[in-house]
Structures are given as C-alpha cells and as structure tokens.
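Worksheet: one structure, shown below.
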Amino acid sequence: MIRESEVYKIGVMTKTHGVNGEIAFQFTDDVFDRVECDYLICRIDGILVPFFFEEYRFKNDNTALFKFQRMDTSEDVRLLVGCEVFFPLKLAEEAEEGELTWSYFVGMTITDKNAGVLGTISAVDETTINTLFQIDGPDGELLVPAQEDFILDIDHKKREILMEVPEGLLDL
C-alpha cells in the first residue's frame, strides 16, 4: 500500500483526449520527465493507486497527454478525470537536489526554530521577486519567504523543513 508520506502531488488529470485512451494531465512538476519512472500514482476514492503508462507527450508547457497500459478507450480513462496525481518521493530524491522544482515542497510541514510548527505548504508563489511559501496553518494562511538563508534543514523523508524566520516577519 502506498502511503501519503511516500509521495508528493505533481498535478491533476483534467479530461480525456480522443478515443484511444489518452488523458490530459495538468502538471505542476515535470519530475517524471527528469527521473526514470514508468508509472504515476492517482488518488482514487482516497486510495493511492499506481498506473503504468505506455507513453506520454507534451501538449503545452503545463499539460501532457498520457496513455496508460490496459486503458484503450476514453471510457477506460474517464474514471481518472479529476484525480490528483502523485510521484514517489524516493525516486524524486534520486534526482540531483539542484533539479528540484518549487512544487516539490508543496505538502511539506514548516517549523520555525522559535515559533514552532507554522503549518503545511499549500502552494509556492513565484509571481513576486521573492518566492513565497503559502502555508496553511492553524491561524489561517501565512506567507513566508522561501529564502535559502532562512532554511536550516530539510528532512526529505519526513517532508519537513526547519526554518529560522527573522523576528517580526511572522507578525505581518
């Protein structure tokens, strides 16, 4: 059985494509193109299920069309429409650390050295000059700069980041 702690979200299946069993996958991380892997993991009815693919091709910068094994019609892949897609952490860690994208950090727990657990990263905002971790915390949403200087440690297995956010920044 695949556990949540063993994977991280990389996108969602959006719609069937054609009649030969292809499905559109909108991705936030193209790790599957950087790391050798022949399957993706979809959440179906709360269960993480691996699906082996025959091939894929890019439709544009954030969408790929996948053809899964033993799924040869649009009806076969229809059950995947809307499913969240995950990738194994173990395989992603095999990629060089410099190749990780910001979306790799989504789902990680952020702990501040002084303030304690801040919450879980729900998104990474790259639209500003300073990249920000968007954190869902007990007191609501919080934005914290994703600055290397603030990060003390990253535990890839536990999916935790230890930071030391400058005093007063969390009060904004």
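Of T16, T63, which residue is farther than 27 Å from H156 by Cα, open to solvent by less than 60 Å² (accessible area, probe 1.4 Å) and out of contact with any His (no Cβ under 6 Å at 6 or more places or on another chain)? If you could, list the steps in order and put the result at the bottom.
Numbers: T63 fails: farther than 27 Å from H156 by Cα.
Testing whether each residue is farther than 27 Å from H156 by Cα, open to solvent by less than 60 Å² (accessible area, probe 1.4 Å) and out of contact with any His (no Cβ under 6 Å at 6 or more places or on another chain) leaves just T16.
Looking only at the range 37-55, which residues are in contact with a helix residue (DSSP H, G or I) (Cβ under 8 Å, 6 or more places away or on another chain) and either among the hydroxyl-bearing types (S, T, Y) or surrounded by fewer than 16 Cβ atoms within 10 Å (Cβ to Cβ) (or both)?
Taking the range 37-55 and keeping what is in contact with a helix residue (DSSP H, G or I) (Cβ under 8 Å, 6 or more places away or on another chain), we get 37, 40, 42, 44, 48, 51.
Hit for the range 37-55 is I44, nothing else.
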Discussion item. Quick check on this structure: which one of G107, G137, G116 is more than 25 Å from T14 (Cβ to Cβ) and in contact (Cβ under 8 Å) with a residue 12 or more places away in the chain?
Written reply: G137
Item to complete: Would you check if D171 is under 28 Å from N62 (Cβ atoms) and among the acidic types (D, E)?
Response: no
Discussion item. For the range 1-102, give me every one of the helices (runs of 4 or more DSSP H) that falls completely inside it and has 1 or more residues that are hydroxyl-bearing (S, T, Y) and modelled with pLDDT of 95 or more.
Written reply: none
Item to complete: Quick one: I129 ticks every box in (1) of a type in the set (V, I, T); (2) modelled with pLDDT of 85 or more; (3) within 30 Å of D38 (Cβ to Cβ) except a single one, so which number is it?
Response: (3)
Practice prompt. Tally the residues that are modelled with pLDDT under 90 and of a type in the set (S, T, N, Q), restricting the search to the range 132-146.
Written response: 0
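Could you please let me know if T127 is among the hydroxyl-bearing types (S, T, Y), free of Cβ contacts under 8 Å to residues at least 60 places away in the same chain, assigned to a loop (DSSP other than H, G, I, E, B) and open to solvent by 50 Å² or more (accessible area, probe 1.4 Å)?
Considered against the rule, which asks whether it is among the hydroxyl-bearing types (S, T, Y), free of Cβ contacts under 8 Å to residues at least 60 places away in the same chain, assigned to a loop (DSSP other than H, G, I, E, B) and open to solvent by 50 Å² or more (accessible area, probe 1.4 Å), T127 comes out as yes.
Taking the condition of being in a loop (DSSP other than H, G, I, E, B) and either surrounded by 14 or more Cβ atoms within 10 Å (Cβ to Cβ) or among the polar types (S, T, N, Q) (or both), how many residues in the range 130-163 meet it?
Keep residues of the range 130-163 that are in a loop (DSSP other than H, G, I, E, B), which gives 130-131, 138-139, 146-147, 156-159.
This time we only want the ones that are either surrounded by 14 or more Cβ atoms within 10 Å (Cβ to Cβ) or among the polar types (S, T, N, Q) (or both), so: 130-131, 146-147, 156, 159.
Residues meeting the conditions: 6.
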Worksheet, complete the sentence: All conditions in (1) more than 13 Å from the chain's Cα centre (by Cα); (2) open to solvent by 40 Å² or more (accessible area, probe 1.4 Å) are true of T120 except (1)
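The values are calculated or read from the model by the stated rules, or taken from the named source; none is laboratory data. Just so it is clear, the model here is predicted, and its values are computed rather than measured. When we count neighbours, we look across all protein chains shown, and the Cβ atoms used for this are built from the backbone with ideal geometry, even at glycine. Quick note on the areas: whole protein, heavy atoms, side chains included, nothing else; ligands and nucleic acids left out. Shrake-Rupley method; radii C 1.70, N 1.55, O 1.52, S 1.80 Å.
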